[in-house]
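The structure under discussion appears below in the form of C-alpha cells.
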Amino acid sequence: MKNGESMKNIDVICFGGNDWWYHNRNHFDTRMMEQFAKFENVLYVNSVVMQKPKLSQGRKFVTKVVRKTKSILKGLQKNDAGFWIYSPFSLPVHHIGGLRMLNGLILRLQLRFMIWKLGIRMPIVWVACPAACDAAARIKKVKLVYQRTDRFEEYPNVDVKTISQYDRRLKTDADLTVFVSKTLYEQEYHQCKKAILLDHGVDYEIFATAENTKEAPLDIRDIEGPIVGFFGGIDDHTSDIGLVKKVVELLPEMSFVFIGKVSVDCQDLLCRKNVRMLGQKPYEQIPHYGKCFDVAIMPWRQNRWIQACNPIKLKEYLALGKPVVSTPFAELQKYRDVVYEAKTPREFANSIKGAIRHNDPKLVMERREKVKNSSWDSKAELVLKELLGKDFNCQVRN
C-alpha cells in the first residue's frame, strides 16, 4: 500500500484475547477494533481455546464448556460497535502434536468460510491470542500485527512451552509488534521485526463527567461510606486476596465494594459485614459505580504477569479523579506523583486513610490531567501510521 492511500478498502481480522459475549470488553484489542470499525470491515474472532482442560475444577469446568458452547452457537453477529463477532470451534490441544494439526485444520476451514462470507480480501491480521498463531499465519494478508500486552505464557493452566513458541514466532513474523508495557518492550523489542511501545487509552470524557449525573446505581447508593472500591475481574493470578482480607480487617469502619466477575473463592471476604461484591456490570455503568468510590484500589499479586501488566483501570480511576492505592508494578512508576504505592497490608490501609484525609479538588484535577490526552482514537491512529505510512488517510465507512 502506498503512503497516503485511503483505508477505505482495508479489512481487519482480529484474533482476540477474550470472548466478546462473556468477558470484560474493555481490553486493548476490543478497543482498537472499535476504532478500526469506523473506517474498516472488522471481524473479531473470539479467543481460540488456549488453556488445557482441567476436569478437577468440577462445576467451574462445566460452566466454561457451557459458556463456550453458547458462544459458538451464536454464530456470526455484528455488534453495536460496528464489527463482526465470531466464535470458532476449537479444542485445547495445542500441546498435543497430531491433534494440534487437526485442530488447526478445523479452525482454518471455519475461518475461510467466514472470510468468504464477509468478502474479506488481503486484510490486516491482528493477533492478541498467541494460540491463534498457526491460523493467522495461513491467512493471506497485507500486514500482520502481534499484540504483546500480556505474558500469556504465564496465564494459568496453559502449556508454557507451546505458548512461548507461538510468542517467539509471532514476534519474528509480525510486521508490527505492539507493546503497552515498558518492561516487556525493553526486554523483547530486539526479538521483533518491528516494535512500538504504545500505552493504553481511556474513555476520558465518559469517566471525567460521570459525576455530573448525581444519581448512583441502586445497589451502591445506600452503602455506607467511606467506600473503598475496585472494578474489574477478580482472578487468582492477578488479585492478592490475602492482602485484601488483611486490609479489610484493618479498616472495619470502611466499606469495600468490588465490581466485576469473580473467578476465585472469596467466601472469607463475603462473610465480612463491610465487604460487598456487586458482580459484573455493563461497561457504560462502570463510571457511575466508580464515581461513588472515595478511594480506588489495585491490590495486585507480585508475580511475572503483574510486573508486565499495564491495567487500563488505572487511567479510568484517574479520569474519575479518584485517589488510587496500589501494590507496586513497573508501569506504576510514571504515575507515582498521583498514586499511593503500598507493599504491605498495613501500608495499604494507611495509604487509604491518608488518601481520604488529604483529598481535595486540586488533586482531583492533577489526576485527570495525567490521562486527559490518552484517547483510544489517538492510539489507533498511531498504530495505523506505523503500519501504513505517516501520510495515510482514514475514511469513515458509510
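The values are calculated or read from the model by the stated rules, or taken from the named source; none is laboratory data. Remember, predicted model here, so these are calculated numbers, not experimental data. All Cβ positions, glycine included, derive from the backbone under ideal geometry; neighbour counts span all protein chains shown.
Structural remarks
- Complete set of residues in segment 170-196 that are within 16 Å of the chain's Cα centre (by Cα) and without any contact (Cβ under 8 Å) to a residue 40 or more places away in the chain: PHE179
- Yes/no for THR177 being buried (at least 19 other Cβ atoms within 10 Å of the Cβ) and either touching a Phe, Trp or Tyr at 6+ places or on another chain (Cβ under 8 Å) or under 15 Å from PHE28 (Cβ atoms) (or both): yes
- Output for segment 21-37, where each listed residue is modelled with pLDDT of 85 or more and either outside any helix (DSSP H, G or I) or farther than 26 Å from ARG67 by Cβ (or both): HIS27, GLN35, PHE36, ALA37
- Filtered by the rule that a residue be under 21 Å from LEU388 (Cβ atoms) and aromatic (Phe, Trp, Tyr), segment 112-148 gives TRP126, TYR146.
- The set of residues in segment 142-163 that are farther than 10 Å from PRO130 by Cα and without any contact (Cβ under 8 Å) to a residue 24 or more places away in the chain contains only VAL160.
- Looking across segment 100-149, just one residue is among the β-branched types (Val, Ile, Thr), under 14 Å from ILE10 (Cα atoms) and touching a helix residue (DSSP H, G or I) at 6+ places or on another chain (Cβ under 6 Å), and that is VAL125.
- From VAL295, VAL371, VAL339, residue being over 30 Å from ILE10 (Cα atoms), crowded, with 21+ Cβ neighbours inside 10 Å and under 20 Å from the mean Cα position of the chain (by Cα): VAL371
- Any chance GLY232 is modelled with pLDDT under 95 and either under 16 Å from the mean Cα position of the chain (by Cα) or not assigned by TED's automatic domain parsing to the domain that holds TRP300 (or both): yes
- Residues (among the hydrophobic types (A, V, I, L, M, F, W, C) and either in a loop (DSSP other than H, G, I, E, B) or farther than 26 Å from ASN303 by Cα (or both)) located in segment 229-282: LEU251, MET254, VAL264, CYS266, CYS271, LEU278
- Filter result for SER239 (surrounded by 15 or more Cβ atoms within 10 Å (Cβ to Cβ), hydroxyl-bearing (Ser, Thr, Tyr) and under 30 Å from GLN187 (Cβ atoms)): yes
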